[in-house]
Amino acid sequence: MDTSELERFFQKVRKGPRPDDCWLWVGAIGDDGYGRFSIRRDGRERMVRPQRLLYEHLTGRTLTPKVDLLHDCDVPICVHVSIGEDSHLFEGDDRMNMRDREQKGRAGRRGVLRRGLSRKQHAIRSRALRQVVLTIGWDRDAISAVLSGNAPSQPRLFDWP
Ligand SMILES: [Zn+2]
């Protein structure tokens, strides 16, 4: 990514106040619940997942389609990539992915409950999260409420299937 692309990228990101908070993507979200970012390469427009693009940019590595980028925080629209321990994203192959799921069981390392959500539910959750962040900003309680599926104060936003 060049400077102007990076700038455009981070206009679509809202970072939490603490260094280890999620950086939430507020741009386009696909039907799989992951973000989408459009880039131009070789004169052609492409839609990519923002967390993968940032990961490649920061690490200088190329992620082949076979390599999954796993979210330690279980928040698909989080793009908090950094070089080192506090990164929320790390590479894993399919086997690691499975082991990761087994080890985590129902609770992620950061305490977010894994709900075994379907693709559609992931998309709904991600869009609800984006809505909250765009409406009231990066608010820890509101974000937790969306992630846990409990948001009594704003039932319309969180019409859970
Ligand atoms: Zn995160």
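The values are calculated or read from the model by the stated rules, or taken from the named source; none is laboratory data. For clarity, every value in this text was computed on a predicted model and none was experimentally measured. Cβ placement follows ideal geometry from the backbone for every residue including glycine, while neighbour counts extend to all protein chains displayed.
Within the range 113-161, the residues that satisfy the criterion of being modelled with pLDDT under 85 and in contact with a Phe, Trp or Tyr (Cβ under 9 Å, 6 or more places away or on another chain) are Gly149, Asn150, Ala151, Pro152. Residue pairs whose Cβ atoms lie under 7 Å apart, separated by 6 or more positions or on different chains, with the first residue in the range 59-81 and polar (S, T, N, Q) and the second within 16 Å of the ligand (Cβ to nearest atom), are Thr59/Ile83.
Of the strands (runs of 3 or more DSSP E) contained entirely in the range 1-68, those carrying at least 1 residues that are within 16 Å of the ligand (Cβ to nearest atom) and in contact with a helix residue (DSSP H, G or I) (Cβ under 8 Å, 6 or more places away or on another chain) fall at 13-15, 23-25, 35-41. Restricting attention to the range 23-66, the residues that are touching an Asp or Glu at 6+ places or on another chain (Cβ under 7 Å), more than 15 Å from Glu5 (Cβ to Cβ) and surrounded by 14 or more Cβ atoms within 10 Å (Cβ to Cβ) add up to 1.
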